[in-house]
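The values are calculated or read from the model by the stated rules, or taken from the named source; none is laboratory data. This is a predicted model, so every value here is computed, not measured. Glycine gets a Cβ as well: all are built from the backbone with ideal geometry, and neighbour counts include every protein chain shown.
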Amino acid sequence: MDTSHILFIGGGNMASAIVGGLLKAGRPPQSISVVEPFEAQRDRLQAQYGVHTLAAADAGLARAGLVVWAVKPQLFREAAAPCAPFVGQALHLSVMAGIRSDAIAQATGSERVVRAMPNTPALIGLGISGLFARPAVSTDDRALVEQVLQPTGTTCWVEREQDLDAVTALSGSGPAYVFYFVEAMMQAAVEMGLSEAQGKQLALATFAGATALAQQSEDPPALLRERVTSKGGTTHAALSSLERADVKAAFVAALKAAQQRARELGDEFGG
């Protein structure tokens, strides 16, 4: 087993984001293999990244020190069956939603399993991944996982696997919430007489700037909000309207609904 060799099962968007990040960070393409059954996707991976691709599992998989599972959850068991005879000694990193570590350990024969819940900004290196490790995962294993995911953004470890359902609700689904609010701001911009392009520019710059300010400030978001809110002013009028509509409570309820759905998907996929 070559501990420096990384094997991807599935070559879709998230796998491509990780592969691209690894290559930019200096990892040689010959140290990466991808099992991808679709020919067009294999051709794209070879042309774009120069990595080794396979249409199906074979004995060569045994040299991988790390296996990254990046197939659709409903295809996991089908994909794992031909790989299992060769990957029992490897560390396994899953970026699949809903497949619990028990199912991965059972299907692969390895107890060294880390589950990751990434989000789509990983595609541009600005994502965040929630991570959970089974007890058999060593400190060195954790460090390797962090190294592999580093080009896609930041990481956040949780101690309980069930907490990944909350991570899914917050950051996994979170980009959609931001886009939702941007859509609302763009709609308001048009209704107030601005163009859609102006609304988009103002909304995106506001989100980016406010997020950067919150990251750089030691003050909590509530205090930053209060500093923008003068009593009787425009921000106060807007926030008062949101409070009357109970938007905060509705938003918290929405995240809890996402958490519940993540839990249900885990039950559905087994493990």
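So how many residues does segment 220-232 have that are under 30 Å from the mean Cα position of the chain (by Cα) and surrounded by 13 or more Cβ atoms within 10 Å (Cβ to Cβ)?
First, the residues of segment 220-232 that are under 30 Å from the mean Cα position of the chain (by Cα): 220-225.
Filter once more, keeping what is surrounded by 13 or more Cβ atoms within 10 Å (Cβ to Cβ): 224-225.
Within segment 220-232, residues that are under 30 Å from the mean Cα position of the chain (by Cα) and surrounded by 13 or more Cβ atoms within 10 Å (Cβ to Cβ) number 2.
Just name the residue that is nearest to ALA166 (Cα to Cα) out of those in segment 233-255 that are within 28 Å of the chain's Cα centre (by Cα) and surrounded by 12 or more Cβ atoms within 10 Å (Cβ to Cβ).
Going through segment 233-255, the residues within 28 Å of the chain's Cα centre (by Cα) turn out to be 247-255.
If we keep only those that are surrounded by 12 or more Cβ atoms within 10 Å (Cβ to Cβ) too, we end up with 247, 251, 254-255.
Values: VAL247: 20, PHE251: 14, ALA254: 12, LEU255: 8 Å.
Among them, the one singled out is LEU255.
In this structure, is VAL113 at pLDDT 95 or above, surrounded by 20 or more Cβ atoms within 10 Å (Cβ to Cβ) and in contact with a Lys or Arg (Cβ under 8 Å, 6 or more places away or on another chain)?
Details: at pLDDT 95 or above: yes; surrounded by 20 or more Cβ atoms within 10 Å (Cβ to Cβ): yes; in contact with a Lys or Arg (Cβ under 8 Å, 6 or more places away or on another chain): yes.
Judged against the criteria, VAL113 is a match.
Could you tell me whether THR154 is among the polar types (S, T, N, Q) and assigned by TED's automatic domain parsing to the domain that holds PRO73?
Working: among the polar types (S, T, N, Q): yes; assigned by TED's automatic domain parsing to the domain that holds PRO73: yes.
It is true that THR154 is among the polar types (S, T, N, Q) and assigned by TED's automatic domain parsing to the domain that holds PRO73.
Looking only at helices (runs of 4 or more DSSP H) that fall completely inside segment 173-271, which ones have 3 or more residues that are touching a Gly at 6+ places or on another chain (Cβ under 7 Å) and within 30 Å of ALA116 (Cβ to Cβ)?
The helices (runs of 4 or more DSSP H) meeting that bar are 247-269.
In the set ALA208, ALA238, ALA214, which member is out of contact with any strand residue (DSSP E or B) (no Cβ under 7 Å at 6 or more places or on another chain), farther than 30 Å from TRP157 by Cβ, of a type in the set (Gly, Ala, Ser) and assigned by TED's automatic domain parsing to the domain that holds GLN260? Working first, answer last.
Working: ALA208 fails: farther than 30 Å from TRP157 by Cβ; ALA214 fails: farther than 30 Å from TRP157 by Cβ.
None of the others qualify; the one that does is ALA238.
Considering only residues that are part of a helix (DSSP H, G or I) and modelled with pLDDT of 95 or more, which ones fall in segment 151-164?
Start the filter on segment 151-164 by keeping residues that are part of a helix (DSSP H, G or I), which leaves 151-152, 163-164.
ASP163, LEU164 - these are the residues of segment 151-164 that are part of a helix (DSSP H, G or I) and modelled with pLDDT of 95 or more.
When only residues in segment 126-147 that are surrounded by fewer than 20 Cβ atoms within 10 Å (Cβ to Cβ) and under 24 Å from SER173 (Cβ atoms) count, which is farthest from the chain's Cα centre (by Cα)?
Checking each candidate, the answer is GLU146.
Among residues belonging to segment 9-31 that are of a type outside the set (Gly, Ala, Ser) and in contact with a Phe, Trp or Tyr (Cβ under 7 Å, 6 or more places away or on another chain), point out the one that is farthest from ALA84 (Cα to Cα).
Let us first name the residues in segment 9-31 that are of a type outside the set (Gly, Ala, Ser), namely 9, 13-14, 18-19, 22-24, 27-30.
If we keep only those that are in contact with a Phe, Trp or Tyr (Cβ under 7 Å, 6 or more places away or on another chain) as well, we get 9, 19, 23, 29.
Working: ILE9: 12, VAL19: 22, LEU23: 27, PRO29: 24 Å.
The extreme case among them is LEU23.
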